[in-house]
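Report on one structure; see the data block that follows.
The values are calculated or read from the model by the stated rules, or taken from the named source; none is laboratory data. On a predicted model such as this, the values are computed, not experimentally measured, just so you know. Ideal geometry is used to build each Cβ from the backbone, glycine not excepted, and the neighbour counts take in all protein chains shown. SASA here: full protein model, heavy atoms, side chains in, ligands and nucleic acids out. Shrake-Rupley method; radii C 1.70, N 1.55, O 1.52, S 1.80 Å.
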Amino acid sequence: MVELPTRQPAERQRQLGRSDWLAVAIEVLVSDGVDALQITQLSRRLEVTRGSFYWHFPNRDALLNAILDEWRSRNTDVMVEAVAGAQTLEEGILALFVVWVDHRRFDPALDQAVRDWARRSADVRTVVAAEDDARVEAVAAFFRRMGYPETEAFIRGRVLYFTQVTYYALVTDEPINKRIGYLDAYFTCFTGRKIDPDAAKVFEASYMGSGR
């Protein structure tokens, strides 16, 4: 009986989608930096030929742009959405806190990798600056809706956002229970007002001892 040749490599190449290439590219960017994002190396990592890449991206630049789009979607859109529909100060601020402590939503490792990339690319630096402005504006707009004057809302948006970015940049290793234990002080520092005790209790109950 003649044994038919295996077709596993071809089947694997057909099964790989654009999202697979994007996922492994993001992993490499985070672990090794943008210079490691080479089509041949990514192909080897996925155990497919370079031709598989070109089914989904016309060139390396298209992949790099897709990474930036994914970064925006993960890390800017989730912040904008967190405060967009908030009806109270507690609702908006605590929604941001949830985003920032849940790394399934906001990806700090990807954020820092893109910032490292921006230090080497003027074009990416422009993109990052625009996204930072968009994030600050989302928070500032929330403060304005809560009745803060224009300039104060802008500065509070900046302070709140830049504090969190710095927290990630310093790779601060702080247990979530300890961080949540500072909730009242954080809220007062960022808003100039005392947090509603009932809202604080609900939030603390959701995170204390959760291990998140």
So the carbon and sulfur contribution to the accessible area of the stretch 146-212, 1.4 Å probe, in percent, is 59 percent
Heavy-atom accessible area of Lys178, protein chains in place, probe 1.4 angstrom, given in Å² to nearest 10, is 110 Å²
Under 17 Å by backbone N from the virtual spin label 7 Å along Cα-to-Cβ at Leu68, the residues of the stretch 145-165 are none
Counting only protein heavy atoms and rolling a 1.4 Å probe, one gets per residue an accessible area for the chain in Å² of 56 Å²
Rounded to one decimal in nm, the spacing of the 7 Å Cα→Cβ label points at Arg18 and Trp55 is 1.4 nm
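Relative to the present Cα-Cα distance, how much length would full extension add between Ala129 and Ala141 at 0.36 nm per residue of separation?
Working: separation 12, 0.36 × 12 = 4.32 nm, distance 1.80 nm.
The span from Ala129 to Ala141 would gain 2.5 nm if fully extended.
Can you sort Met146, Met79 by solvent-accessible area, 1.4 Å probe, largest first?
Descending order: Met146, Met79.
Ignoring ligands, DNA and RNA, how do Asp32, Asp123 rank by accessible area with a 1.4 Å probe, largest first?
Numbers: Asp32 100, Asp123 125 Å².
The residues order as Asp123, Asp32, largest area first.
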Here the stretch 194-201 yields Karplus 3J(HN,Hα) values (6.51, -1.76, 1.60; θ = phi - 60°; whole Hz; Gly and Pro given as x) of 7, 6, 5, x, 5, 5, 5, 5
Karplus-derived 3J(HN,Hα) from phi for the stretch 31-36 (6.51 cos²θ - 1.76 cosθ + 1.60, θ = phi - 60°), whole Hz, x at Gly and Pro, runs 7, 10, x, 5, 5, 7
Heads up, the stretch 109-200 by the C-alpha gyration tensor (a ≥ b ≥ c square roots of eigenvalues; a/c under 1.5 rounded, else a/b over b/c prolate, else oblate) looks oblate
